[in-house]
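The values are calculated or read from the model by the stated rules, or taken from the named source; none is laboratory data. Please read these numbers as outputs of a predicted model, since none were measured by experiment. Cβ sites come from the backbone with ideal geometry, for glycine too, and all protein chains shown count toward neighbours.
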Amino acid sequence: MPIANARHILVKTKEQADDLKLQLVKGAAFDRLAKKHSLCKSSAKKGGDLGEFPPGRMLKAFDNVVFKKPLLTVHGPIKTKFGYHLIEPIYRR
């Protein structure tokens, strides 16, 4: 079974996510933005790091990014029932 690692930033609105993504494109540090803005407190204190997980542990929209999109690229905003995510797949194995 594949395993992945990713980090994310979760916010309430698409506008917030768009603004944070623009900051990332301009060179802002992902971990700093996650610590400051993410609503996911457990990962926010780790710079957005979610640790390792298999397919199916996260929501389908999240898995579609982590297991299918290019690594080390910020994807999103991705809308889920929790809000809007910026997701960066780190590795898959």
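How many residues are more than 14 Å from residue 79 (Cα to Cα) and crowded, with 22+ Cβ neighbours inside 10 Å when one looks only at the range 8-32? Count: 1. Applying the condition of being acidic (Asp, Glu) and closer than 15 Å to residue 30 by Cα to the range 41-93 and asking which residue is surrounded by the most Cβ atoms within 10 Å (Cβ to Cβ) yields 88. Among the residues of the range 2-14, some residue qualifies, meaning at least one is modelled with pLDDT under 95 and either more than 10 Å from the chain's Cα centre (by Cα) or of a type in the set (Val, Ile, Thr) (or both).
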